[in-house]
Amino acid sequence: MRPIAVAVSAALALAAAACTEAEQDETQADANEAGASLQEEAAQVGSAIEAGAKEVAQEIDEGTDRLAVEADEQEAETKADARGN
């Protein structure tokens, strides 16, 4: 078993050494580009979520305003009925 582990370790070391500096630089550049793309997408998603949350908050505010008006109207109607009886 031990000779196999040594052979695998040697193969990995040789593979790592086989990568040229240019290949390593290219890989790093690709990783940087992918990271920048992910950051841009995340910013766009964040903006969309923020806009949606603001819209929902506005709709809730408008809904509670309508409910308050309806409650005031119902209260006035109840008082009017109480005076009429």
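Against the definition (at pLDDT below 90 and out of contact with any Phe, Trp or Tyr (no Cβ under 6 Å at 6 or more places or on another chain)), how does Ala51 come out, yes or no? Considered against the rule, which asks whether it is at pLDDT below 90 and out of contact with any Phe, Trp or Tyr (no Cβ under 6 Å at 6 or more places or on another chain), Ala51 comes out as no.
Per-residue answers, yes or no, for (1) assigned to a helix (DSSP H, G or I); (2) at pLDDT 90 or above; (3) basic (Lys, Arg); (4) surrounded by 10 or more Cβ atoms within 10 Å (Cβ to Cβ):
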site: Ala13; (1), (2), (3), (4): yes, no, no, yes
site: Thr27; (1), (2), (3), (4): yes, no, no, yes
site: Leu38; (1), (2), (3), (4): yes, no, no, yes
site: Gly46; (1), (2), (3), (4): yes, yes, no, yes
site: Asp65; (1), (2), (3), (4): yes, yes, no, yes
site: Glu75; (1), (2), (3), (4): yes, yes, no, yes
site: Ala82; (1), (2), (3), (4): yes, no, no, no
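The values are calculated or read from the model by the stated rules, or taken from the named source; none is laboratory data. What you see is a predicted model, and the numbers here were worked out from it, not measured in a lab. Positions of Cβ are backbone-derived with ideal geometry, glycine not excepted, and every protein chain shown enters the neighbour counts.
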